[in-house]
């Protein structure tokens with residue numbers, strides 16, 4: 001099994017090309033189920049989760065072709081075509097859905113286009129339960145009949161298809177917003193989604209649906225109004241740059257020091273995190289082709305944060321920020337409000353010599369003068385990269401195991417860091 005080996009102490013200098021966003025690529029791929037015509041997606045990251053979703057879509061009968069691979073020099077994304085003209089199966093089985101939670105979202109497009117879907121319940125995950133009640137209640141509001149049997153959700157549309165309606169989410173949910181939005185574009189009549197998620201990835205998918213012929217207004221707001229159409233056509237569309245990857249590398253530079261251009265990165269997509277980094281003493285400058293991060297790797301000011309849905313501080317950057325604040329000049333309070341079990345990285349960061357105390361959903365981080373290399377183990381996707389960030393400045397050698405978590409969401413991470421001067425490599429047992 002692969003591991004990552006890091007010798008800490010090197011500053012980062014150069015440029016890093018930000019990959020396409022995993023959290024947009026996955027629902028965009030699922031949106032291909034809504035049309036008989038081809039959907040071509042550009043800037044698709046080469047990630048384990050993308051490959052897994054390709055298997056799931058192919059199981060439904062989608063024909064998938066890689067049109068162009070990533071360019072080795074520019075590290076651009078893939079161009080992939082998805083042809084869902086002939087769907088052979090509207091069932092998403094447990095063995096596929098259990099491997100990746102986002103695959104449950106296929107229930108929306110399958111139900112809208114074919115009037116039926118049988119999708120395995122995704123179950124919990126390492127960072128929290130994330131129930132699907134909002135998904136199912138939203139589909140019921142559109143007229144769907146829902147049964148749960150033998151671990152599967154069996155959904156059927158009424159005669160004549162789904163019907164537009166008002167859908168109110170009691171809590172902001174990215175997955176439910178994606179699912180109901182995709183179901184509503186083919187529903188009869190007008191659907192209004194209230195308390196919709198506003199993440200840039202939601203807007204990316206909404207704009208793709210519009211490019212395919214959907215009628216959606218209120219994009220970038222908490223209220224989406226969708227006028228259903230009878231069918232969607234194909235489109236050629238680009239996945240937006242990954243704000244979480246950009247924020248992660250920005251924190252890596254802030255931790256280790258240096259000067260790195262985040263090529264294609266957009267500060268507007270992670271303004272809350274950018275504001276916190278600037279307040280902590282990191283220099284961030286917007287440039288024509290991205291944004292630049294400049295840091296001396298020392299003297300970070302302790303800034304408290306609380307995770308919130310967009311436009312708040314992203315929960316997907318909480319672990320990375322915690323790693324960064326282990327070297328701050330003071331005490332930092334980090335409150336996690338999105339997931340109930342997203343502090344599993346604390347025990348591993350403590351192996352570096354970090355001083356972190358957890359009380360429920362609050363982590364109190366007291367900065368230390370030095371971190372020390374250690375053998376650590378990734379527990380989830382974002383936690384895995386927080387250990388890499390700590391390893392970049394830790395004295396001596398760090399070995400990060402179980403990096404299959406990291407491969408789910410970060411494309412060629414060690415190569416990107418190595419090009420900027422990090423002493424990092426992937427090794428095998």
| field | Exclusive hit being modelled with pLDDT of 95 or more and over 21 Å from the mean Cα position of the chain (by Cα), set 375, 361 | value | 375
| Test for residue 183: is it part of a loop (DSSP other than H, G, I, E, B), closer than 20 Å to residue 101 by Cβ and under 22 Å from the mean Cα position of the chain (by Cα) | no
| Can you name every residue in region 69-94 that is outside any strand (DSSP E or B) and at pLDDT 90 or above? | 84, 85, 86, 87, 88, 89, 90, 93, 94
| If we scan region 196-211, do we find a residue that is part of a strand (DSSP E or B), touching a helix residue (DSSP H, G or I) at 6+ places or on another chain (Cβ under 8 Å) and buried (at least 18 other Cβ atoms within 10 Å of the Cβ)? | no
| field | Qualifying residue in region 79-88 (condition: without any contact (Cβ under 8 Å) to a residue 40 or more places away in the chain and in contact with a helix residue (DSSP H, G or I) (Cβ under 8 Å, 6 or more places away or on another chain)) | value | yes
| Taking region 307-337, which residues are without any contact (Cβ under 8 Å) to a residue 60 or more places away in the chain and under 14 Å from residue 282 (Cβ atoms)? | 325, 328, 329
| Test: residue 252 is crowded, with 24+ Cβ neighbours inside 10 Å, touching a helix residue (DSSP H, G or I) at 6+ places or on another chain (Cβ under 9 Å), in the same structural domain as residue 327 (by TED's automatic domain parsing) and in a helix (DSSP H, G or I) | yes
| task | Exactly one condition in (1) surrounded by fewer than 24 Cβ atoms within 10 Å (Cβ to Cβ); (2) touching a residue at least 24 places away in the same chain (Cβ under 8 Å); (3) outside the structural domain of residue 413 (by TED's automatic domain parsing) is not met by residue 9; state its number. | result | (3)
| query | Taking interchain pairs and intrachain pairs at least six residues apart, which have beta carbon atoms under 7 angstrom, with the first residue in region 191-205 and at pLDDT 95 or above and the second surrounded by fewer than 22 Cβ atoms within 10 Å (Cβ to Cβ) and part of a helix (DSSP H, G or I)? | reply | 197/174; 199/174; 202/174
| note | In region 269-306, residues that are free of Cβ contacts under 8 Å to residues at least 40 places away in the same chain, out of contact with any strand residue (DSSP E or B) (no Cβ under 7 Å at 6 or more places or on another chain), under 28 Å from residue 338 (Cα atoms) and not in a loop (DSSP other than H, G, I, E, B) total 2
| If you take the residues of region 131-157 that are out of contact with any strand residue (DSSP E or B) (no Cβ under 7 Å at 6 or more places or on another chain) and surrounded by fewer than 18 Cβ atoms within 10 Å (Cβ to Cβ), which of them is farthest from residue 96 (Cα to Cα)? | 137
| message | Condition (residue is under 25 Å from residue 215 (Cα atoms), surrounded by fewer than 15 Cβ atoms within 10 Å (Cβ to Cβ), modelled with pLDDT of 95 or more and in the same structural domain as residue 208 (by TED's automatic domain parsing)) applied to region 25-32: is it met by at least one residue? | response | no
| field | Qualifying residue in region 33-49 (condition: surrounded by fewer than 24 Cβ atoms within 10 Å (Cβ to Cβ), outside the structural domain of residue 411 (by TED's automatic domain parsing), assigned to a helix (DSSP H, G or I) and at pLDDT below 95) | value | yes
| Which members of region 214-229 meet the condition of being farther than 21 Å from residue 44 by Cβ, assigned to a loop (DSSP other than H, G, I, E, B), free of Cβ contacts under 8 Å to residues at least 60 places away in the same chain and touching a strand residue (DSSP E or B) at 6+ places or on another chain (Cβ under 9 Å)? | 218, 222, 229
| query | Out of region 338-392, which residues are in contact (Cβ under 8 Å) with a residue 60 or more places away in the chain and either more than 29 Å from residue 197 (Cβ to Cβ) or not assigned by TED's automatic domain parsing to the domain that holds residue 313 (or both)? | reply | 367, 371, 373, 390, 391, 392
| task | Identify all residues within region 168-180 that are over 15 Å from the mean Cα position of the chain (by Cα) and assigned to a helix (DSSP H, G or I); write none if there are none. | result | 179, 180
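Here is a yes/no grid of residues against (1) outside the structural domain of residue 82 (by TED's automatic domain parsing); (2) within 16 Å of residue 325 (Cβ to Cβ); (3) under 18 Å from the mean Cα position of the chain (by Cα):
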| position | (1), (2), (3) |
| --- | --- |
| 206 | no, no, yes |
| 225 | no, no, no |
| 269 | yes, no, yes |
| 275 | yes, yes, no |
| 298 | yes, yes, no |
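The values are calculated or read from the model by the stated rules, or taken from the named source; none is laboratory data. The structure presented is a predicted model; accordingly, all values stated were derived computationally and were not measured. Reconstructed Cβ throughout: ideal geometry from the backbone, glycine too, with neighbour counts over all protein chains shown.
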